[in-house]
Amino acid sequence: MARPQQRYVCQACGSVQAKWMGQCPDCGEWNTLQQESSASVTPFAQKHSLKSGGRVLEMQPLDAVIELPQRLPTGFAELDRALGGGMVPGSAVLIGGDPGIGKSTLLLQAAGRMARAGHRVAYVTGEEAADQVRLRARRLGLADAPVQLAAATSVRDILTTLSKGPAPTLLVIDSIQTMHSDQLEGAPGTVSQVRAASLELISWAKTSGTALILVGHVTKDGQIAGPRVLEHMVDAVLYFEGEGRHQYRVLRAVKNRFGGTDEIGVFAMEADGLAEVLNPSSLFLTQREKSVAGAVVFPALEGTRPVLVELQALTVRLPSGATPRRAVVGWDSSRLAMLLAVLEARAGLGFGSSEVYMNVAGGLRVVDPAADLAVAAALVSALLDVAVPGDCLAFGEIALSGEVRPSTHAALRLKEADKLGFASALVPPGTAGVGKLKALPVPSVAALVDRIKGRP
(Lines give C-alpha, C1' and ligand atoms only; values in the text may rest on other atoms or scores of the structure.)
Protein backbone atom coordinates (compact mmCIF):
# COMPACT_ATOMS: atom_id res chain seq x y z
CA MET A 1 0.00 0.00 0.00
CA ALA A 2 1.23 3.43 -0.92
CA ARG A 3 2.25 5.72 1.85
CA PRO A 4 -0.24 8.50 2.57
CA GLN A 5 0.98 11.81 1.27
CA GLN A 6 1.28 14.67 3.73
CA ARG A 7 0.20 18.14 2.69
CA TYR A 8 -0.33 21.49 4.34
CA VAL A 9 -3.47 23.49 3.62
CA CYS A 10 -3.84 27.19 4.37
CA GLN A 11 -6.92 27.82 6.50
CA ALA A 12 -7.28 31.34 5.09
CA CYS A 13 -7.11 30.89 1.33
CA GLY A 14 -7.12 27.11 0.82
CA SER A 15 -3.77 26.84 -0.97
CA VAL A 16 -1.94 23.51 -0.67
CA GLN A 17 1.79 23.34 0.11
CA ALA A 18 4.11 20.37 0.14
CA LYS A 19 5.81 21.42 3.38
CA TRP A 20 5.04 23.56 6.36
CA MET A 21 6.12 27.19 6.44
CA GLY A 22 5.32 30.04 8.74
CA GLN A 23 3.78 32.31 6.11
CA CYS A 24 1.45 31.25 3.34
CA PRO A 25 3.08 32.18 0.00
CA ASP A 26 -0.31 32.84 -1.66
CA CYS A 27 -2.25 35.03 0.80
CA GLY A 28 0.60 36.15 3.10
CA GLU A 29 -1.12 35.09 6.33
CA TRP A 30 1.02 33.74 9.17
CA ASN A 31 0.58 30.42 10.98
CA THR A 32 -2.40 29.32 8.88
CA LEU A 33 -0.90 26.14 7.36
CA GLN A 34 -2.27 22.96 8.92
CA GLN A 35 -1.18 19.43 8.15
CA GLU A 36 -3.67 17.15 6.41
CA SER A 37 -3.20 13.63 5.20
CA SER A 38 -4.86 12.26 2.11
CA ALA A 39 -4.98 8.75 0.78
CA SER A 40 -2.63 7.99 -2.05
CA VAL A 41 -5.52 6.87 -4.27
CA THR A 42 -8.97 8.26 -3.55
CA PRO A 43 -12.17 7.46 -5.47
CA PHE A 44 -12.13 10.99 -6.87
CA ALA A 45 -8.50 10.71 -8.01
CA GLN A 46 -9.11 7.30 -9.53
CA LYS A 47 -12.16 8.54 -11.43
CA HIS A 48 -10.41 11.61 -12.76
CA SER A 49 -6.98 10.12 -13.38
CA LEU A 50 -5.59 10.86 -16.81
CA LYS A 51 -3.75 7.55 -16.78
CA SER A 52 -6.96 5.54 -16.70
CA GLY A 53 -8.56 7.60 -19.46
CA GLY A 54 -11.70 9.72 -19.41
CA ARG A 55 -15.10 9.85 -21.05
CA VAL A 56 -16.03 11.71 -24.20
CA LEU A 57 -17.98 14.87 -23.52
CA GLU A 58 -21.11 15.69 -25.48
CA MET A 59 -20.63 19.16 -26.92
CA GLN A 60 -23.68 21.33 -27.47
CA PRO A 61 -24.15 24.33 -29.76
CA LEU A 62 -24.25 27.76 -28.19
CA ASP A 63 -27.40 28.72 -30.11
CA ALA A 64 -29.43 25.79 -28.78
CA VAL A 65 -33.00 26.66 -27.76
CA ILE A 66 -33.45 26.70 -23.99
CA GLU A 67 -36.27 27.70 -21.68
CA LEU A 68 -35.79 30.23 -18.94
CA PRO A 69 -35.99 28.67 -15.46
CA GLN A 70 -39.15 29.18 -13.48
CA ARG A 71 -38.65 31.25 -10.37
CA LEU A 72 -39.87 29.93 -7.04
CA PRO A 73 -41.32 32.64 -4.78
CA THR A 74 -40.05 32.41 -1.21
CA GLY A 75 -42.96 34.23 0.39
CA PHE A 76 -40.78 37.29 1.03
CA ALA A 77 -40.93 39.94 -1.67
CA GLU A 78 -37.73 41.52 -0.34
CA LEU A 79 -35.89 38.18 -0.41
CA ASP A 80 -37.13 37.55 -3.94
CA ARG A 81 -35.87 41.00 -4.95
CA ALA A 82 -32.38 40.28 -3.60
CA LEU A 83 -32.37 36.93 -5.44
CA GLY A 84 -33.42 38.53 -8.71
CA GLY A 85 -37.06 37.37 -8.66
CA GLY A 86 -37.05 34.21 -6.54
CA MET A 87 -35.23 30.91 -6.17
CA VAL A 88 -34.06 29.12 -9.31
CA PRO A 89 -34.41 25.30 -9.23
CA GLY A 90 -30.99 23.67 -9.00
CA SER A 91 -29.26 26.86 -7.86
CA ALA A 92 -26.98 27.23 -4.85
CA VAL A 93 -27.20 30.34 -2.68
CA LEU A 94 -24.78 31.30 0.09
CA ILE A 95 -26.05 33.61 2.85
CA GLY A 96 -23.57 35.14 5.30
CA GLY A 97 -23.92 37.51 8.21
CA ASP A 98 -22.85 38.29 11.77
CA PRO A 99 -24.01 35.99 14.58
CA GLY A 100 -27.52 36.89 15.76
CA ILE A 101 -28.28 39.06 12.72
CA GLY A 102 -31.28 36.89 11.79
CA LYS A 103 -30.05 34.44 9.11
CA SER A 104 -31.70 31.38 10.64
CA THR A 105 -34.87 33.32 11.40
CA LEU A 106 -35.19 34.57 7.83
CA LEU A 107 -34.58 31.16 6.28
CA LEU A 108 -36.93 29.38 8.67
CA GLN A 109 -39.66 31.88 7.83
CA ALA A 110 -39.01 31.47 4.09
CA ALA A 111 -38.98 27.67 4.44
CA GLY A 112 -42.25 27.72 6.37
CA ARG A 113 -43.98 29.98 3.84
CA MET A 114 -42.81 27.87 0.89
CA ALA A 115 -43.96 24.69 2.65
CA ARG A 116 -47.39 26.20 3.27
CA ALA A 117 -47.53 27.07 -0.43
CA GLY A 118 -47.29 23.36 -1.29
CA HIS A 119 -43.54 22.93 -1.87
CA ARG A 120 -41.43 20.16 -0.35
CA VAL A 121 -38.93 21.88 1.94
CA ALA A 122 -36.12 20.31 3.98
CA TYR A 123 -34.33 22.19 6.75
CA VAL A 124 -31.11 20.64 8.09
CA THR A 125 -29.38 22.23 11.06
CA GLY A 126 -25.95 21.36 12.35
CA GLU A 127 -25.79 23.96 15.11
CA GLU A 128 -29.03 23.37 17.02
CA ALA A 129 -31.17 20.50 18.17
CA ALA A 130 -34.40 19.84 16.33
CA ASP A 131 -36.42 20.94 19.37
CA GLN A 132 -34.68 24.32 19.36
CA VAL A 133 -35.74 24.88 15.76
CA ARG A 134 -39.29 23.83 16.65
CA LEU A 135 -39.38 26.37 19.49
CA ARG A 136 -38.25 29.11 17.13
CA ALA A 137 -40.85 28.06 14.59
CA ARG A 138 -43.54 28.21 17.28
CA ARG A 139 -42.44 31.74 18.22
CA LEU A 140 -42.58 32.74 14.54
CA GLY A 141 -46.05 31.28 14.09
CA LEU A 142 -44.82 28.45 11.85
CA ALA A 143 -45.44 25.48 14.12
CA ASP A 144 -47.90 23.95 11.65
CA ALA A 145 -45.72 24.44 8.56
CA PRO A 146 -44.99 21.04 6.87
CA VAL A 147 -41.20 21.49 6.86
CA GLN A 148 -39.01 18.36 6.95
CA LEU A 149 -36.61 19.01 9.82
CA ALA A 150 -33.39 17.20 10.69
CA ALA A 151 -30.39 17.82 12.92
CA ALA A 152 -27.32 16.31 11.24
CA THR A 153 -23.77 17.14 10.21
CA SER A 154 -22.82 14.24 7.91
CA VAL A 155 -23.22 15.10 4.24
CA ARG A 156 -23.44 11.41 3.32
CA ASP A 157 -26.32 10.85 5.76
CA ILE A 158 -28.14 13.95 4.53
CA LEU A 159 -27.92 13.07 0.83
CA THR A 160 -28.78 9.42 1.47
CA THR A 161 -31.92 10.44 3.35
CA LEU A 162 -33.01 12.97 0.72
CA SER A 163 -32.42 10.48 -2.11
CA LYS A 164 -34.87 7.95 -0.67
CA GLY A 165 -37.96 9.88 -1.78
CA PRO A 166 -38.88 12.78 -4.07
CA ALA A 167 -36.29 15.52 -4.09
CA PRO A 168 -37.33 18.57 -2.09
CA THR A 169 -37.96 21.88 -3.80
CA LEU A 170 -35.79 23.72 -1.27
CA LEU A 171 -32.97 22.50 0.96
CA VAL A 172 -31.56 24.74 3.72
CA ILE A 173 -28.21 23.85 5.33
CA ASP A 174 -27.50 25.75 8.55
CA SER A 175 -24.58 26.05 8.51
CA ILE A 176 -21.99 24.81 6.00
CA GLN A 177 -19.17 25.19 8.56
CA THR A 178 -20.73 22.42 10.68
CA MET A 179 -20.98 19.90 7.82
CA HIS A 180 -18.33 17.28 7.19
CA SER A 181 -17.61 14.81 4.41
CA ASP A 182 -16.28 11.34 5.19
CA GLN A 183 -14.20 11.38 2.01
CA LEU A 184 -11.64 13.59 3.73
CA GLU A 185 -10.01 13.67 7.13
CA GLY A 186 -10.22 16.74 9.30
CA ALA A 187 -12.62 18.50 11.62
CA PRO A 188 -15.71 20.34 10.34
CA GLY A 189 -15.00 23.97 9.46
CA THR A 190 -11.56 23.42 7.99
CA VAL A 191 -10.89 24.57 4.46
CA SER A 192 -10.85 21.08 2.99
CA GLN A 193 -14.04 19.99 4.77
CA VAL A 194 -15.99 23.12 3.84
CA ARG A 195 -14.93 22.80 0.23
CA ALA A 196 -15.69 19.07 0.00
CA ALA A 197 -19.04 19.29 1.80
CA SER A 198 -20.13 22.23 -0.34
CA LEU A 199 -19.11 20.45 -3.54
CA GLU A 200 -21.15 17.35 -2.67
CA LEU A 201 -24.24 19.36 -1.73
CA ILE A 202 -24.04 21.62 -4.79
CA SER A 203 -23.49 18.67 -7.15
CA TRP A 204 -26.54 16.89 -5.72
CA ALA A 205 -28.65 20.06 -5.99
CA LYS A 206 -27.67 20.54 -9.65
CA THR A 207 -28.54 16.92 -10.42
CA SER A 208 -31.83 16.77 -8.52
CA GLY A 209 -33.07 20.27 -9.37
CA THR A 210 -33.33 21.27 -5.70
CA ALA A 211 -32.75 24.88 -4.76
CA LEU A 212 -30.00 24.90 -2.14
CA ILE A 213 -29.34 27.58 0.49
CA LEU A 214 -26.13 27.42 2.52
CA VAL A 215 -25.68 29.49 5.66
CA GLY A 216 -22.11 30.69 6.18
CA HIS A 217 -20.43 32.19 9.21
CA VAL A 218 -18.42 35.39 8.82
CA THR A 219 -15.05 36.38 10.20
CA LYS A 220 -14.27 39.45 12.26
CA ASP A 221 -13.56 41.27 8.99
CA GLY A 222 -17.08 40.60 7.74
CA GLN A 223 -16.02 37.98 5.16
CA ILE A 224 -17.56 34.54 4.93
CA ALA A 225 -15.42 32.10 6.86
CA GLY A 226 -13.76 29.26 4.99
CA PRO A 227 -12.14 29.14 1.57
CA ARG A 228 -12.72 31.99 -0.84
CA VAL A 229 -13.45 29.41 -3.50
CA LEU A 230 -16.77 28.71 -1.73
CA GLU A 231 -18.14 32.01 -3.07
CA HIS A 232 -17.08 30.98 -6.57
CA MET A 233 -18.78 27.60 -6.30
CA VAL A 234 -22.28 28.95 -5.58
CA ASP A 235 -24.59 30.82 -7.93
CA ALA A 236 -25.47 33.69 -5.58
CA VAL A 237 -23.92 35.24 -2.49
CA LEU A 238 -26.06 37.29 -0.11
CA TYR A 239 -24.85 39.23 2.91
CA PHE A 240 -27.16 40.00 5.81
CA GLU A 241 -26.08 43.41 7.13
CA GLY A 242 -27.18 45.47 10.08
CA GLU A 243 -26.15 46.66 13.51
CA GLY A 244 -27.20 44.47 16.39
CA ARG A 245 -28.80 47.41 18.20
CA HIS A 246 -30.68 48.57 15.10
CA GLN A 247 -34.08 47.21 14.23
CA TYR A 248 -33.48 47.12 10.50
CA ARG A 249 -31.61 44.51 8.46
CA VAL A 250 -30.38 44.76 4.87
CA LEU A 251 -29.96 41.68 2.68
CA ARG A 252 -27.48 42.59 -0.06
CA ALA A 253 -26.63 40.51 -3.14
CA VAL A 254 -22.92 40.71 -3.99
CA LYS A 255 -23.02 37.93 -6.59
CA ASN A 256 -25.89 36.53 -8.64
CA ARG A 257 -25.64 34.44 -11.79
CA PHE A 258 -29.40 34.70 -12.32
CA GLY A 259 -29.91 38.39 -11.60
CA GLY A 260 -28.30 41.73 -10.87
CA THR A 261 -25.83 42.42 -8.10
CA ASP A 262 -26.11 45.02 -5.33
CA GLU A 263 -29.84 44.41 -5.07
CA ILE A 264 -31.07 44.79 -1.51
CA GLY A 265 -33.97 43.62 0.57
CA VAL A 266 -34.85 45.51 3.74
CA PHE A 267 -36.30 43.82 6.83
CA ALA A 268 -37.29 44.91 10.32
CA MET A 269 -36.67 42.64 13.31
CA GLU A 270 -39.86 42.38 15.33
CA ALA A 271 -41.11 40.19 18.16
CA ASP A 272 -42.61 37.62 15.78
CA GLY A 273 -39.66 37.50 13.40
CA LEU A 274 -38.50 39.50 10.40
CA ALA A 275 -40.98 41.73 8.62
CA GLU A 276 -40.56 43.18 5.15
CA VAL A 277 -40.01 46.89 4.62
CA LEU A 278 -41.52 47.70 1.24
CA ASN A 279 -40.62 51.42 1.33
CA PRO A 280 -37.11 51.71 2.79
CA SER A 281 -36.85 55.45 2.04
CA SER A 282 -39.40 56.18 4.74
CA LEU A 283 -37.19 54.39 7.29
CA PHE A 284 -33.85 56.02 6.61
CA LEU A 285 -35.17 59.60 6.52
CA THR A 286 -35.43 61.59 9.73
CA GLN A 287 -38.72 63.37 10.21
CA ARG A 288 -38.16 66.83 11.69
CA GLU A 289 -40.09 70.10 11.64
CA LYS A 290 -37.17 72.31 10.57
CA SER A 291 -33.89 71.85 8.78
CA VAL A 292 -30.71 71.13 10.77
CA ALA A 293 -27.17 72.05 9.77
CA GLY A 294 -25.09 69.08 8.64
CA ALA A 295 -28.00 66.92 7.42
CA VAL A 296 -28.43 66.23 3.68
CA VAL A 297 -30.59 63.64 1.93
CA PHE A 298 -28.93 61.40 -0.65
CA PRO A 299 -30.78 59.18 -3.19
CA ALA A 300 -28.69 56.01 -3.05
CA LEU A 301 -29.08 53.44 -5.79
CA GLU A 302 -29.03 49.88 -4.44
CA GLY A 303 -29.14 47.67 -7.51
CA THR A 304 -32.23 48.86 -9.36
CA ARG A 305 -33.89 50.38 -6.29
CA PRO A 306 -33.41 54.04 -5.28
CA VAL A 307 -33.33 54.46 -1.50
CA LEU A 308 -33.29 57.90 0.10
CA VAL A 309 -31.04 58.13 3.15
CA GLU A 310 -29.94 60.97 5.37
CA LEU A 311 -26.24 61.77 5.66
CA GLN A 312 -25.28 63.53 8.88
CA ALA A 313 -22.09 65.50 9.51
CA LEU A 314 -20.78 67.24 12.61
CA THR A 315 -17.70 69.44 13.00
CA VAL A 316 -16.24 70.48 16.35
CA ARG A 317 -13.62 73.23 16.71
CA LEU A 318 -10.55 72.24 18.71
CA PRO A 319 -7.99 74.33 20.56
CA SER A 320 -4.84 75.11 18.67
CA GLY A 321 -2.38 72.21 18.62
CA ALA A 322 -4.90 69.47 19.32
CA THR A 323 -5.09 66.49 16.96
CA PRO A 324 -8.47 66.40 15.22
CA ARG A 325 -10.38 63.14 14.95
CA ARG A 326 -12.24 61.76 11.94
CA ALA A 327 -14.95 59.18 12.60
CA VAL A 328 -17.21 57.61 9.96
CA VAL A 329 -20.16 55.22 10.32
CA GLY A 330 -21.74 53.74 7.20
CA TRP A 331 -19.33 55.22 4.63
CA ASP A 332 -15.75 54.85 3.43
CA SER A 333 -13.30 56.67 5.70
CA SER A 334 -10.72 56.99 2.90
CA ARG A 335 -13.33 58.68 0.74
CA LEU A 336 -14.05 61.13 3.54
CA ALA A 337 -10.37 62.05 3.84
CA MET A 338 -10.24 62.70 0.10
CA LEU A 339 -13.30 64.97 0.19
CA LEU A 340 -11.90 66.95 3.10
CA ALA A 341 -8.69 67.51 1.14
CA VAL A 342 -10.64 68.60 -1.96
CA LEU A 343 -12.77 71.04 0.06
CA GLU A 344 -9.65 72.57 1.61
CA ALA A 345 -7.68 72.81 -1.65
CA ARG A 346 -10.47 73.76 -4.08
CA ALA A 347 -12.95 75.65 -1.89
CA GLY A 348 -10.69 77.22 0.72
CA LEU A 349 -12.45 75.64 3.71
CA GLY A 350 -10.36 74.78 6.73
CA PHE A 351 -11.11 71.44 8.42
CA GLY A 352 -7.62 71.03 9.87
CA SER A 353 -8.55 72.41 13.28
CA SER A 354 -11.93 70.65 13.54
CA GLU A 355 -13.03 67.17 14.43
CA VAL A 356 -15.23 65.64 11.74
CA TYR A 357 -17.94 63.05 12.40
CA MET A 358 -19.92 61.43 9.58
CA ASN A 359 -22.91 59.12 9.94
CA VAL A 360 -25.45 57.41 7.68
CA ALA A 361 -28.80 57.39 9.46
CA GLY A 362 -30.62 54.09 10.00
CA GLY A 363 -27.59 51.80 10.06
CA LEU A 364 -27.38 51.55 6.24
CA ARG A 365 -23.95 51.33 4.61
CA VAL A 366 -23.57 53.49 1.49
CA VAL A 367 -21.11 52.40 -1.22
CA ASP A 368 -22.49 54.50 -4.09
CA PRO A 369 -19.81 56.92 -5.41
CA ALA A 370 -22.56 59.43 -6.18
CA ALA A 371 -22.72 60.20 -2.46
CA ASP A 372 -19.70 62.53 -2.76
CA LEU A 373 -21.74 65.68 -3.37
CA ALA A 374 -24.18 64.90 -0.56
CA VAL A 375 -21.33 64.25 1.88
CA ALA A 376 -19.58 67.44 0.81
CA ALA A 377 -22.81 69.41 1.25
CA ALA A 378 -23.25 67.97 4.74
CA LEU A 379 -19.66 68.84 5.67
CA VAL A 380 -19.94 72.40 4.36
CA SER A 381 -23.30 72.85 6.07
CA ALA A 382 -21.90 71.64 9.39
CA LEU A 383 -18.75 73.78 9.16
CA LEU A 384 -20.63 76.97 8.20
CA ASP A 385 -23.60 76.15 10.48
CA VAL A 386 -25.98 76.81 7.60
CA ALA A 387 -28.77 74.29 7.11
CA VAL A 388 -29.59 72.81 3.72
CA PRO A 389 -33.38 72.93 3.11
CA GLY A 390 -35.10 69.76 4.22
CA ASP A 391 -36.83 69.35 0.85
CA CYS A 392 -33.50 69.44 -1.01
CA LEU A 393 -31.27 66.46 -1.77
CA ALA A 394 -27.88 66.05 -3.45
CA PHE A 395 -25.93 63.51 -5.49
CA GLY A 396 -22.90 63.54 -7.77
CA GLU A 397 -19.31 62.30 -7.88
CA ILE A 398 -16.52 64.75 -7.01
CA ALA A 399 -13.15 64.60 -8.73
CA LEU A 400 -9.83 65.64 -7.22
CA SER A 401 -10.00 68.78 -9.35
CA GLY A 402 -13.12 69.84 -7.46
CA GLU A 403 -15.52 69.40 -10.38
CA VAL A 404 -18.79 67.50 -9.99
CA ARG A 405 -19.20 64.65 -12.44
CA PRO A 406 -22.47 63.08 -13.64
CA SER A 407 -23.87 60.00 -11.92
CA THR A 408 -25.69 57.02 -13.34
CA HIS A 409 -29.47 56.70 -13.31
CA ALA A 410 -30.05 60.33 -12.36
CA ALA A 411 -33.65 60.27 -13.61
CA LEU A 412 -34.44 57.22 -11.48
CA ARG A 413 -33.04 58.90 -8.37
CA LEU A 414 -34.95 62.13 -8.98
CA LYS A 415 -38.18 60.26 -9.74
CA GLU A 416 -38.07 58.59 -6.32
CA ALA A 417 -37.36 61.94 -4.64
CA ASP A 418 -40.22 63.63 -6.53
CA LYS A 419 -42.58 60.87 -5.44
CA LEU A 420 -41.67 61.56 -1.80
CA GLY A 421 -42.31 65.30 -2.13
CA PHE A 422 -38.81 66.78 -2.51
CA ALA A 423 -38.74 70.19 -4.20
CA SER A 424 -35.11 70.59 -5.38
CA ALA A 425 -31.86 68.71 -5.84
CA LEU A 426 -28.17 69.67 -6.04
CA VAL A 427 -27.03 67.78 -9.12
CA PRO A 428 -24.16 67.69 -11.64
CA PRO A 429 -24.46 70.01 -14.65
CA GLY A 430 -26.65 68.70 -17.45
CA THR A 431 -29.07 66.86 -15.16
CA ALA A 432 -32.72 67.72 -15.84
CA GLY A 433 -35.43 67.89 -13.22
CA VAL A 434 -38.24 65.37 -12.93
CA GLY A 435 -41.87 66.34 -12.38
CA LYS A 436 -42.16 69.13 -9.83
CA LEU A 437 -38.59 68.61 -8.61
CA LYS A 438 -36.21 71.39 -9.70
CA ALA A 439 -32.61 70.57 -10.58
CA LEU A 440 -29.94 72.95 -9.21
CA PRO A 441 -26.69 72.40 -11.15
CA VAL A 442 -23.46 72.43 -9.13
CA PRO A 443 -20.37 72.38 -11.39
CA SER A 444 -17.74 72.42 -8.60
CA VAL A 445 -17.23 72.33 -4.85
CA ALA A 446 -16.70 76.11 -4.88
CA ALA A 447 -20.15 76.51 -6.45
CA LEU A 448 -21.51 74.17 -3.77
CA VAL A 449 -20.20 76.45 -1.03
CA ASP A 450 -21.82 79.45 -2.75
CA ARG A 451 -25.13 77.58 -2.99
CA ILE A 452 -25.13 76.74 0.70
CA LYS A 453 -24.19 80.30 1.65
CA GLY A 454 -27.10 81.57 -0.44
CA ARG A 455 -25.02 83.25 -3.11
CA PRO A 456 -26.29 83.17 -6.71
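The values are calculated or read from the model by the stated rules, or taken from the named source; none is laboratory data. In this text the structure is predicted, and so the values were computed from the model without any measurement. Here the Cβ positions follow ideal geometry from the backbone for every residue, glycine too, while neighbour counts run over all protein chains shown.
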Report summary line: Picked from region 271-284 (must be out of contact with any Phe, Trp or Tyr (no Cβ under 9 Å at 6 or more places or on another chain) and surrounded by fewer than 18 Cβ atoms within 10 Å (Cβ to Cβ)), the residue farthest from ARG138 (Cα to Cα) is SER282
Query raised in the report: Can GLY186 be described as surrounded by 15 or more Cβ atoms within 10 Å (Cβ to Cβ) and more than 30 Å from ASP272 (Cβ to Cβ)?
Result: yes
Report summary line: Okay, helices (runs of 4 or more DSSP H) sitting entirely in region 102-196 with 2 or more residues that are touching a residue at least 40 places away in the same chain (Cβ under 8 Å) and closer than 25 Å to VAL88 by Cβ, I get 103-116, 155-163
Report task. Taking ASP372 as meeting all but one of (1) without any contact (Cβ under 8 Å) to a residue 40 or more places away in the chain; (2) outside any helix (DSSP H, G or I); (3) touching a Leu at 6+ places or on another chain (Cβ under 8 Å), write down the number of the exception. Result -> (2)
Query raised in the report: Only one of GLY165, GLY186 is out of contact with any Gly (no Cβ under 9 Å at 6 or more places or on another chain), within 30 Å of VAL16 (Cβ to Cβ) and either at pLDDT below 95 or not assigned by TED's automatic domain parsing to the domain that holds PRO89 (or both); which?
Result: GLY186
Query raised in the report: Within the bounds of region 407-427, is there any residue that is assigned by TED's automatic domain parsing to the domain that holds LEU314, within 14 Å of VAL342 (Cβ to Cβ) and part of a strand (DSSP E or B)?
Result: no
Requested in this report: Sort through LEU94, LEU79 and tell me the only one that's at pLDDT 80 or above, within 34 Å of the chain's Cα centre (by Cα), in a strand (DSSP E or B) and of a type outside the set (Ser, Thr, Tyr).
Outcome: LEU94
Report task. Name the single residue, out of those in region 102-136 being closer than 16 Å to ASP272 by Cα and of a type in the set (Gly, Ala, Ser), that is surrounded by the fewest Cβ atoms within 10 Å (Cβ to Cβ). Result -> GLY102
Report task. Within region 379-389, identify whether any single residue is assigned to a loop (DSSP other than H, G, I, E, B), modelled with pLDDT under 90 and either farther than 13 Å from PHE298 by Cα or of a type in the set (A, V, I, L, M, F, W, C) (or both), and answer yes or no. Result -> no
Report summary line: Exactly one of GLU67, GLU58 is acidic (Asp, Glu), under 24 Å from TRP204 (Cα atoms), modelled with pLDDT of 85 or more and loosely packed, with under 15 Cβ neighbours inside 10 Å, and that one is GLU58
**Report entry** Residue ID - modelled with the lowest pLDDT, chosen from residues in region 291-329 that are closer than 24 Å to GLU416 by Cα and of a type in the set (Gly, Ala, Ser)
**Finding:** GLY303
